[in-house]
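First the structure, in the form of structure tokens, and then the observations on it.
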């Protein structure tokens, strides 16, 4: 574990990844309820080029200052350069056609455009390194970078080349690993891969999720995290399942930390016992409009987690999907998270 992380307090706070992008950077009305899988150039208010790059740098500074001001220990750049958590990396890979997408049917019955896999997947150059370098000049907090996970990437594409979902996921894993190694070499202290679509195909996850996740994280000495969720509150505002269809097998993976949402789904925390000896980043902020996220409520959610985990294995985080909030709401929720963690931390010392 990198020595820099030993300076984190007991019960550290961390964001999952995204933060609200300013309305002057992205069309937030178009973004609402929309998680692009292929290109979504129409979301940006500024044409691609140096001015957009500068605007994204400015938005990243705002995101970091919001996190720092709220008291968050592990920060990201808010993923402000991305249309979604998954499609940005694909622009740096051979074998992926983003410009002529296919369609798949989502769980809700509607169709969504997704990339087509038309040849061998290979990383052709750096994708997130510029974002990391900028982040490291912006903050002295622990810096986390997030990447889409290989299982999820395979689920979100139409395969016209490999003819086998495990082979496709493993090819994505090799590309993700190349990017992750470059990020570590450039100074990333925490590297997270996002695997929300493990829930879409639990049978497939049982067969090959752990091997492809291990391949994506192979050779890294930075702290590694895998994130799972049930879908953004902005997209899934109703009740969510209170248990993951695929979770416990991740205890056998090489990942250091498992990030799960627990507040909105009111997760049965008994499952935490199955994740030993992993560290767990527990989502304790419900991102639905009007949800109770007062400091006493959030503190109670953390205390509930500590009934199943020792203090050195619990990280306090929100549920995922912060980008769909207003900045004011995001700041308020992150401040409640940090204050609740401080309250519980004081009870432990």
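Testing residue 34 on (1) surrounded by 14 or more Cβ atoms within 10 Å (Cβ to Cβ); (2) free of Cβ contacts under 8 Å to residues at least 60 places away in the same chain; (3) more than 18 Å from residue 319 (Cα to Cα); (4) out of contact with any helix residue (DSSP H, G or I) (no Cβ under 7 Å at 6 or more places or on another chain), one condition comes back false. Which one is that?
Checking residue 34 against (1) surrounded by 14 or more Cβ atoms within 10 Å (Cβ to Cβ); (2) free of Cβ contacts under 8 Å to residues at least 60 places away in the same chain; (3) more than 18 Å from residue 319 (Cα to Cα); (4) out of contact with any helix residue (DSSP H, G or I) (no Cβ under 7 Å at 6 or more places or on another chain), the one that fails is (3).
If you check residue 249 against the conditions, is it within 23 Å of residue 310 (Cβ to Cβ), part of a helix (DSSP H, G or I) and at pLDDT 95 or above? Talk me through it step by step, then tell me what you get.
On the way: within 23 Å of residue 310 (Cβ to Cβ): yes; part of a helix (DSSP H, G or I): yes; at pLDDT 95 or above: yes.
The answer is yes for residue 249.
Only residues that are in a loop (DSSP other than H, G, I, E, B) and surrounded by 15 or more Cβ atoms within 10 Å (Cβ to Cβ): list them for the range 292-304, please. If you could, list the steps in order and put the result at the bottom.
Restricting attention to the range 292-304, the residues satisfying the condition of being in a loop (DSSP other than H, G, I, E, B) are 292-294.
Listed by number, the list holds a single entry, 293.
Among residues belonging to the range 188-225 that are part of a loop (DSSP other than H, G, I, E, B) and crowded, with 16+ Cβ neighbours inside 10 Å, point out the one that is modelled with the lowest pLDDT. Let's see the steps before the verdict.
The initial filter retains those residues of the range 188-225 that are part of a loop (DSSP other than H, G, I, E, B), namely 188-189, 195, 200-201, 217-222.
Next, only the ones that are crowded, with 16+ Cβ neighbours inside 10 Å stay: 188-189, 195, 200-201, 217, 220, 222.
Numbers: 188: 97, 189: 96, 195: 97, 200: 88, 201: 92, 217: 98, 220: 98, 222: 97.
If we take residues in the range 188-225 being part of a loop (DSSP other than H, G, I, E, B) and crowded, with 16+ Cβ neighbours inside 10 Å, then 200 is modelled with the lowest pLDDT.
Among the listed residues 78, 71, identify the single one that is within 26 Å of residue 8 (Cβ to Cβ) and over 18 Å from the mean Cα position of the chain (by Cα).
Details: 78 fails: over 18 Å from the mean Cα position of the chain (by Cα).
Criteria check complete, one pass: 71.
Looking at 309, 287, which one is part of a loop (DSSP other than H, G, I, E, B) and touching a strand residue (DSSP E or B) at 6+ places or on another chain (Cβ under 8 Å)?
Values: 287 fails: touching a strand residue (DSSP E or B) at 6+ places or on another chain (Cβ under 8 Å).
Going through 309, 287 in turn, just one is part of a loop (DSSP other than H, G, I, E, B) and touching a strand residue (DSSP E or B) at 6+ places or on another chain (Cβ under 8 Å): 309.
Here are the criteria: (1) touching a residue at least 12 places away in the same chain (Cβ under 8 Å); (2) under 20 Å from residue 333 (Cβ atoms). Tell me which single one residue 65 does not satisfy.
(1)
Please enumerate the residues belonging to the range 314-336 that are part of a helix (DSSP H, G or I) and surrounded by fewer than 18 Cβ atoms within 10 Å (Cβ to Cβ).
Initial filter on the range 314-336 (part of a helix (DSSP H, G or I)): 322-324, 327-336.
Within the range 314-336, 327, 328, 329, 332, 335 meet the criteria.
Tally up the residues in the range 51-101 that are outside any strand (DSSP E or B) and under 28 Å from residue 345 (Cα atoms), please. Before the answer, list the steps.
Initial filter on the range 51-101 (outside any strand (DSSP E or B)): 51-73, 76-92.
Filter again for under 28 Å from residue 345 (Cα atoms), leaving 62-73, 76-78.
The number of residues fulfilling the criteria is 15.
Determine which member of the set 104, 112 is surrounded by fewer than 18 Cβ atoms within 10 Å (Cβ to Cβ), assigned to a strand (DSSP E or B) and touching a residue at least 60 places away in the same chain (Cβ under 8 Å).
Among 104, 112, only 112 is surrounded by fewer than 18 Cβ atoms within 10 Å (Cβ to Cβ), assigned to a strand (DSSP E or B) and touching a residue at least 60 places away in the same chain (Cβ under 8 Å).
Would you confirm whether or not the range 226-242 contains a residue that is assigned to a loop (DSSP other than H, G, I, E, B) and without any contact (Cβ under 8 Å) to a residue 24 or more places away in the chain?
Of the range 226-242, the ones assigned to a loop (DSSP other than H, G, I, E, B) are 229-242.
With the extra rule that they be without any contact (Cβ under 8 Å) to a residue 24 or more places away in the chain, the set shrinks to 236, 238.
Scanning the range 226-242, I find at least one residue that is assigned to a loop (DSSP other than H, G, I, E, B) and without any contact (Cβ under 8 Å) to a residue 24 or more places away in the chain, so the answer is yes.
The values are calculated or read from the model by the stated rules, or taken from the named source; none is laboratory data. No experiment lies behind these values; they were computed from the predicted model shown. Glycine gets a Cβ as well: all are built from the backbone with ideal geometry, and neighbour counts include every protein chain shown.
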